[in-house]
Structure formats: C-alpha cells, structure tokens
Protein chains: 4
Amino acid sequence: MKFIHSRENNAPYTVINVGDIKIGGGNFTVISGPCSIETREQMNLIAKSVKKSGAKILRGGAFKPRTSPYSFQGLGEEALLFLIETKERCNIPVITEIMNQTQLNLFDKVDIIQVGARNMQNFDLLKAVGKTNKPVLLKRGMANTIEELLMSAEYIMSEGNKNVILCERGIRTFEKASRNTLDLSAVAILKEKTHLPVFVDPSHASGINFLVAPLSKAAIAVGADGLMIETHNNPQAALCDGEQSLDLNEFEELMKDVKKRVEFEGMIL
Amino acid sequence: MKFIHSRENNAPYTVINVGDIKIGGGNFTVISGPCSIETREQMNLIAKSVKKSGAKILRGGAFKPRTSPYSFQGLGEEALLFLIETKERCNIPVITEIMNQTQLNLFDKVDIIQVGARNMQNFDLLKAVGKTNKPVLLKRGMANTIEELLMSAEYIMSEGNKNVILCERGIRTFEKASRNTLDLSAVAILKEKTHLPVFVDPSHASGINFLVAPLSKAAIAVGADGLMIETHNNPQAALCDGEQSLDLNEFEELMKDVKKRVEFEGMIL
Amino acid sequence: MKFIHSRENNAPYTVINVGDIKIGGGNFTVISGPCSIETREQMNLIAKSVKKSGAKILRGGAFKPRTSPYSFQGLGEEALLFLIETKERCNIPVITEIMNQTQLNLFDKVDIIQVGARNMQNFDLLKAVGKTNKPVLLKRGMANTIEELLMSAEYIMSEGNKNVILCERGIRTFEKASRNTLDLSAVAILKEKTHLPVFVDPSHASGINFLVAPLSKAAIAVGADGLMIETHNNPQAALCDGEQSLDLNEFEELMKDVKKRVEFEGMIL
Amino acid sequence: MKFIHSRENNAPYTVINVGDIKIGGGNFTVISGPCSIETREQMNLIAKSVKKSGAKILRGGAFKPRTSPYSFQGLGEEALLFLIETKERCNIPVITEIMNQTQLNLFDKVDIIQVGARNMQNFDLLKAVGKTNKPVLLKRGMANTIEELLMSAEYIMSEGNKNVILCERGIRTFEKASRNTLDLSAVAILKEKTHLPVFVDPSHASGINFLVAPLSKAAIAVGADGLMIETHNNPQAALCDGEQSLDLNEFEELMKDVKKRVEFEGMIL
C-alpha cells in the first residue's frame, strides 16, 4: 500500500507555508508561548519577547485538557480572542489546541491547529481537520507507536489536507525522574519514513525546566525540523505547567544557542 | 477534596439499573456480542445465542475506531438501526461505542453508552455524556493510570450522571505475547477506591481467543462486577478482531463455568 | 527447534518432587514466610504458623538484593543456619534466594533454590544451578518477556536439571498504584507453552498488603500451580518489605479461602 | 544522606584516567569495536581502523550474555587473549564485559571492566569490582530507573572504587520500531545529579544501523561524555548483532562528524 505520508512515493520533504514562514525542508522553526492564555497583557508581553528572541510562531492554550474536572480548564473562547488580537498586533502566526470538531469554526484565524496527544486517535477530529486546508500539528499520544502516529497523519491527509506537522512529546514508561520519556529515536525513524516535518516538544516531554535546554539541543542534532517550547513571563505564577516553563530570559538565552546549532546543522532558522 | 467517585464519602456500592438488570452491588453481569455489527441476521443470531448462554447485555460496534483510515470503519448509523431492532426483537439491552458528542442524538435507544479507551481523556465527550442520565461504560486508556481513570469518571459524574461503569481492558507494556497486559490489580484497587462497578474486557486485553477464558475466571476471582466478551457466529470471517472472538459454542461453554464461579463468589448472575 | 521447556515435545505436565511434596500436575502449593530471616525464634514461630495454615514450603531471605548498598542486606550465612534449623525442627521444606554461583555449596540442605528477578538473565548462575539436581524457582525479571523467561529456564534445563518452577511476580509499567503490574495473562500463556509449573508471587507484584488476597484468588483462577506469599509475625517491625507482608492471622484467613478455591478448581492443596 | 555519587558533596566532575586517556571533565571519548571478538585478525583490523578514525578505546565481547543457551556465547578466554594481544599490538586500551565475579582474575590486563545491563543489579558483582581500582563502565538495566543506576554505582563506590562510568543504552517500552527506547533525558538528569561521566550506547539502544549516527549526534548535544559504538569489518557476517553495527567506513564517516560536534560543544575528543 502506498501511504500518502510515506517518503517512498513522494517528494523527500514537505514544506508547509504558514504566512511567510516555511516549515520543513531545511527550515528550523521554533514555536513558543505559554501553556495557558491568561490575559491580553500577558500574551502581548510574551509574544513580543519570544518573537524578538527568534520564535516564529506563538502558542497558547485556550481549551486545556486537564486530568481533573476541578483543575483550571483554560479561558476558552475569550482566550482565543486574546490570541488572535496578539497575532494581529504582533504580526506573528499562532497555534492553539482544538478539543473537538465542533470548535472548528472558532479556528478560522488560527494559523496552525494543534491536535493534542490525548486526541491523536480521535479519528472524527482527524477527519474534520483533514477537510480543512489549515496546517495541523499532530502530537504523538503517550502510548502510541510511531506507526500509529503515521496512520493518524494518514487520516488527515486522506481527507485532502497535506499540511501535517508531526510532534514527538514523550511517551509513558516506568521512569519517573522525567514526566515522560522523550523518544528521540522516533524523530530519526519518522524522518526516514515520512516526508512530513517532525517537531519536538521538550517541555511536555520532560515536565522539568532544567531539561528543556539539553533536550532542545538533542532534538536539533537528531534531525528535528522544529521545537515547541513553553514560556511564561512568570512561571511561578502560571495557571498551568509552570514547573516546565522557561521564563523569557531563559528562552532568550536558549535561542542564542539554538541559532548556533541550527546554523551548524546547515538549516535556516 | 471529596470526589464523587470516592467510596469514602458515599455508599460502598453503586447499583446501576439498565431496564430490569442491576449492575454492581453483588450482581455479576456479562456483556457479549461482536466487535462490529455486520448484518441484521448476524445480530439476531448472536443476540439469541448469547442471551440463552447467560449474557444480559448485547454489545456491537457501529462506529469503529481503527488505526488506519483504510480499515473497515463500521457500518455507522445503519448498524445502530440493526442494533436497536435486535434489542427490541430479542428483548435485551444494548451497548455501543460513541465516537464524539455530536452523535449523542443517535444514542437515544441505546441502553449503555461506551466511551472507548482512546476517548478516555476526550473531556468534551465525557462532559457531554455526563449531561445525560444514561449509563456510561468508561474504558481505561492504554496508557492511563488508575487515578486518571477515576478522574475521567469524575468528569462524567460532576455533570450530574452518576451511572458510570469502569472497565479495565489492558495497558501497553513491553510484553508482546498478549496484545495488551491485563492489569487485574487495577480491579482490586478500583474496588477499594470507588463505589462504581468495575468490569473487565478480556477480549481486547489479550487479543487472543485462548486467553479469554482464563482471564475471565481471574477477573471474577479478583472481584470484578462484570465481563465484556467479544463473540461472533463465525470468527474466521469477522470483519474485525476475529482472532480474539469466541464462537457461540465457546461462549456457551465459558458461561457454564462463569455461572459456577459467580455462585462461588456469592454473587448473582 | 525443540526446546526442552516446550509442551509440544514432552509430557503435558512436569511434577517436581520436594520431599513428600509434589509440585505441578494438578497439585497446588503455597510457599510462605518472611522477606528476611531475622531471628531463630521468628523463623520457628512463622514456620509453625504458616504450616498449620496450609503452607507446604517455608521461604525466608538470607541474602537480600537491595537497591541501596546502605539498606539491610540480610543476615547472610547465619540466616541460612536459622532456616535449616527451622526446616529440621518443623519438618518443612525450605526455599531461599541465591545471589551468585559461588554460594551453591551453602545451599546443600536448602530444598528449592530461588533465582530472583534481577538474576533471571544471570546466565552463569543459571548454568550453575542447572548442573545441580535441586528444584529451582526462577522468577521473571521486571522487564523480561515471557519468551525470555522460558529461554532462561532452558539455560537451566539444557545443563541437565529439569526441576524448574517458573514464577510471575509483576512487571514494570507506567502504573504506580501498585509496585509492579502483575501479568496474569503470562500465567495462562506459560501454561500453554510449557509443561513446567507456574507460580505467582502476589506480594512482590503488588507491594501492598490489601492486594495480596485478591491477586491470590485471581492467580488460582487463571491456572497457577502455586503461590509464594510473604508473611511476618509483626509486619510493622519487619526489616524488609513489611508493607506487603500478611500477618499470621491474615495468612490463616487467606488460606481458608485458598483451600476452597483450590478444591473448586479440582486441584489438590 | 550524602551519597558518594552525588554532585552535591563532591567535585562537580570526576575525571577517570585510562592510561593516557582522560574520561569525563570536558573530554569526549569514543569506544568502538565489535559485539563479539571473533578472530585475532578481525580484532587487529578493527582496532587499527577505529583508532585511526578517532576511537580511543577498543571494545569486544568475550563472554556474551545471550537470551538463548543455543546462541553463540562468545569465544570466552581465547577471545580475552585476542583482545589483550590487540591492545598491546595496537597500543589502545580495551574494555570487555564481565559476567560474574569469579572471572575477575582474567581481567588483569583489561583497562575497563564493563558491567552489562542484565547485571546492573548483580550486587555481588558490583561489590567485587568495587574492591578493584579498575575503571568500571556500568550499563543501565533495561527496566531500571535512573535512581537505581546511581545506587548501583554507589555499590561500587562504597567499596572504594571511584572510577565508575555510567552508560545509558535504552530502556524497554511499548515501542517496537527501535529495539529499545534511548532515554536521553536520563543523560541530562544524570549530569545534574552525579559527578560521574555518562556515556551513551546508541548501537544497543536502537538495534538498527541507520539510527546510530543521529542518536550519536543527539547524545553529544545532550551532554554525554562519550559514546560506545559497535563496529564490524563485515556486519553482514557478524556472529552477533550485525544489524546494528557500523562498518568501518561508516564509522570513519561518523567520526568526522563527531569531531566537529565535540569541538562545537567545547569538548576535547
């Protein structure tokens, strides 16, 4: 069977256009922003800072998948509004997570739709985003194999949408020193099997601030096409995932290093 | 925090009524039927047979979550029609899996809504089924902890629907001799932590026909409130999961043994 | 290849003789005793009690494999002395764990040599115990497959010693509510693949006192040939693994239930 | 408790001397050679080639831990002889795996003793090598946590031998596209917790030739102090693990890249 995601029957690399930004095919792209969108001011502040540091795309969660129904669930539609305002004011494309296909109409001005790890096999959602032509960042599920990730991408592509970015974000193992176990072999294997761009999310993979920098370096070296890094203007006060977020200075420092490494690899930041 | 699912602040056992059938609280209930609903005749044949053998509830998949978009996806709404017809003709309550909350209106005559393993943390779906008063069978995700399963039940219950049945169906581990690793400790732990009924699905847990009987026996002994067992009139020709299905004679034989074991445990079949 | 452990080319069941006691082939055998041998008086007390309750073999650790070099390592040779004295005074066969092949000469009067989970692939030790004719209880490693367990048994058998008892004791997974995940499917699979007796150790599998009884029941139902259960006269004061040990009354109660279940299965206790 | 392995109470970095070679503390060291020592000629050929390419230490297995007793078990003492001859002829330090403490006398001229993954918690072996002053390369077990690895190092160090090199070589997970899942987060965590050098073995971690180069690059970037890479003059004909070995040209190419990357990191090859 010839899968649409397979490198065998296709061009070696897919380049995905997000406004002026090119993803894949020798370009290296950093996505950054807070776990949760909290206020208009926060988003404005973070967007300006991470853009200045070299991030090309702004992330921020409006609808948060949380284990407990009593945890903060995100600000919802109001947060989407803040995100779009920030996009327009700061001139930076934005990505945010969709929770189900009935929300698609809210994502008109969102540049990249994120399908989260818990929804990697929410097949109706995959088909629905496959019927749009918006770029989709598809995260690997915590217990999903590389092959299953590719088949979930195939669900999207078989509906017509070829703009799929894969994202490794750690799998569940017995090891508890990190929240998940980042599987960087998966990046190398995916680059062998598919023409789609492959990103790495070291923040969710590790769950710990001090691991974000070394895992980012390793992700660049192993061949990833981009990084997705959580940042916050004040991680201690973050409503969600503060312990894994970089503050804006830490991100600036990391990006100086990232630039050198991307250049070393012969890629374009 | 006092969770609604917790045994600490509640009656020790919840009994869920499905028509005349009682689930939990010393009752042992067997759900059986095919992975996929294929034809009207098949459902009629299987329903009569498994009911005669002692199953109290009929299962059958209309919408099938499949890894590949090119695999058989279930017959969809037509299959629901066959299921409801069979329910009425054979006078047996039915359970089938929902894929997303927009399908809820199709589930009016379905007696128990199944939320599958891949949707265990589809929180919008959980909230939606929580707003109905229909019994929900919630399957543990392949990489989800016992605590996460309870918190997903809490999503449903916190919306008002207290009729939640939990179902252990195997977790992902390094072992490949069985498709998943059935975690029977989880059943004993759940019975300690929650008043909700706990079922076991040995068919999906093992993925192999010959393991269904020994795992069913173990599930009864460890304290489960019920079993969910895949059966098919002709497993070799099944459109889905034939290798783990029991044929109708095997199921009849197993049920003879199940009856003796349930009686031994002082439970009511 | 015809493996010596395989049921295909051999009698369906191996019966292992330990003094008057028969293991396997329809016999159900309970091994019990403390994690660590602490004093002569303790062993005497426990041996009498567990024997009266129905245990056929006494366990007790002399050399303890501990994660930290600073944890209690067992009393060593003195403990072996206490164990043998207890064996002779109470007329009960004994099992204890060997740590390496240079200790073999100390095990002359030990009835069953235990090879622990951490040594399941200590191939030189396997070969060494394979050159004796003493029964060996071989525990599955925390990350070892069923096939690897069988191949480790093959190491022992290929040296001439056919008296191998396999023991499932839980594998490492992401779930942390129990110390390990007891894999009862493994018991059913092993009974299909090999003629060797298969035991279950619910104490080490779960690491929690309240799980020992339900997992013991499940192990009998799934087809195990025996159980290995940690007991202690005063679990709160145990030098090792107290939180998973049953006290002597709890064990007596459990054994009353075990007897009924073994009889139900048509086995001989 | 102040552990000897802990960075808190010690110098930030341990440098281990192997002849003229320094391991740790800003030095980057590559170990290379075949899985199994096959012939004198083979070892001579490989040693010259990998040394020329930049490897500082020669590896080769004399005693091979194999799952099946019927697989090739290594040439044993004869292989040790070949290894020592090659060491002296080619003037390159050598490392080989010990299987149990009774072999210690055979390791007099071996420069680094390897304790394999299956022996990581063979505590008697750890204590025995702890009583020597030879450098020990301690591999992480397939199901062992980072903390357990450190405590196994502590076993060696608490006996007096401070020359311990840790080695991450992949853990067992549900993913089967690579043989094991290389846990590069573990390297970053270990560098935070301990002053001991940390190596990575991408060959055993991945089990696949094409993954060795990308994982080597990632290991350098994440902060490892060295690599252990399997090479063979003719991988197709290797008696063991040929599918993961690099041929000598592939290794030469990889080392050109490794040199640039080590320099980029400000380390000394």
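Some observations on this one:
- A:N180 being more than 8 Å from every other protein chain (Cβ to nearest Cβ), out of contact with any Leu (no Cβ under 7 Å at 6 or more places or on another chain) and under 23 Å from B:P69 (Cα atoms): no
- For the residues C:L138, C:L126, the requirement of being within 13 Å of another protein chain (Cβ to nearest Cβ) and of a type outside the set (S, T, N, Q) singles out C:L126.
- Checking each residue in region C:206-217 for being more than 7 Å from every other protein chain (Cβ to nearest Cβ), of a type outside the set (S, T, Y) and open to solvent by less than 20 Å² (accessible area, probe 1.4 Å) picks out C:G207, C:V212.
- Which numbered condition A:S68 misses (of (1) within 14 Å of chain B (Cβ to nearest Cβ); (2) touching a Lys or Arg at 6+ places or on another chain (Cβ under 7 Å)): (2)
- Those strands (runs of 3 or more DSSP E) of region D:1-57 in which at least 1 residues are open to solvent by 70 Å² or more (accessible area, probe 1.4 Å) and at pLDDT 95 or above, considering only elements entirely within it, cover D:16-18, D:21-23.
- A:N161 falls short of the stated requirement of being over 22 Å from A:K52 (Cβ atoms), facing chain D (nearest Cβ under 9 Å), open to solvent by less than 20 Å² (accessible area, probe 1.4 Å) and in contact with a helix residue (DSSP H, G or I) (Cβ under 6 Å, 6 or more places away or on another chain).
- Restricting region A:227-247 to residues that are part of a helix (DSSP H, G or I) and open to solvent by 30 Å² or more (accessible area, probe 1.4 Å), the residue that is nearest to A:R179 (Cα to Cα): A:E243
- So D:G170, is it on the phi > 0 side of the Ramachandran plot, small (G, A, S), within 12 Å of chain C (Cβ to nearest Cβ) and surrounded by 24 or more Cβ atoms within 10 Å (Cβ to Cβ): yes
- From the options A:F63, A:F72, residue that is crowded, with 16+ Cβ neighbours inside 10 Å and over 13 Å from the mean Cα position of the chain (by Cα): A:F63
- Out of D:L106, D:L149, one residue alone is more than 8 Å from every other protein chain (Cβ to nearest Cβ) and within 30 Å of A:A219 (Cα to Cα). It is D:L149.
- Cβ pairs under 7 Å, 6+ apart, first in region C:242-269 and within 14 Å of chain B (Cβ to nearest Cβ), second among the hydroxyl-bearing types (S, T, Y) and open to solvent by less than 40 Å² (accessible area, probe 1.4 Å): C:Q244/C:S203; C:Q244/C:S206; C:L254/C:S216; C:V258/C:S216
- Total residues in region B:87-119, condition buried (at least 23 other Cβ atoms within 10 Å of the Cβ), of a type in the set (S, T, N, Q) and over 22 Å from B:R40 (Cβ atoms): 1
- Some residue of region B:76-89 being among the small types (G, A, S) and either within 11 Å of chain A (Cβ to nearest Cβ) or touching a Lys or Arg at 6+ places or on another chain (Cβ under 8 Å) (or both): no
- Within region D:100-128, the set of residues being within 23 Å of D:E88 (Cβ to Cβ), part of a helix (DSSP H, G or I) and in contact (Cβ under 8 Å) with a residue 40 or more places away in the chain comprises just one member, D:Q103.
- Residue that is most open to solvent (accessible area, probe 1.4 Å), among those in region A:248-269 that are of a type in the set (A, V, I, L, M, F, W, C) and not in a helix (DSSP H, G or I): A:I268
- Total residues in region A:187-202 satisfying the condition of being more than 7 Å from chain D (Cβ to nearest Cβ) and free of Cβ contacts under 8 Å to residues at least 60 places away in the same chain: the figure is 6.
- Taking the criterion of being touching a helix residue (DSSP H, G or I) at 6+ places or on another chain (Cβ under 6 Å) and of a type in the set (A, V, I, L, M), the residues of region A:107-128 that qualify are A:I113, A:M120, A:L125, A:L126, A:A128.
- Residue match in region B:214-222 (condition: of a type in the set (V, I, T) and in contact with an Asp or Glu (Cβ under 7 Å, 6 or more places away or on another chain)): yes
- Members of region B:120-157 found to be crowded, with 18+ Cβ neighbours inside 10 Å, polar (S, T, N, Q) and farther than 23 Å from D:T173 by Cβ, listed by number: B:N122, B:S152
- Scanning region A:173-193 for residues that are more than 16 Å from A:S216 (Cα to Cα), among the charged types (D, E, K, R) and surrounded by 23 or more Cβ atoms within 10 Å (Cβ to Cβ) returns a single hit, A:E175.
The values are calculated or read from the model by the stated rules, or taken from the named source; none is laboratory data. Just so it is clear, the model here is predicted, and its values are computed rather than measured. Cβ atoms come from the backbone with ideal geometry, glycine included; neighbour counts cover every protein chain shown. Ligands, DNA and RNA are excluded from the accessible area calculation, which covers all protein heavy atoms including side chains. Shrake-Rupley method; radii C 1.70, N 1.55, O 1.52, S 1.80 Å.
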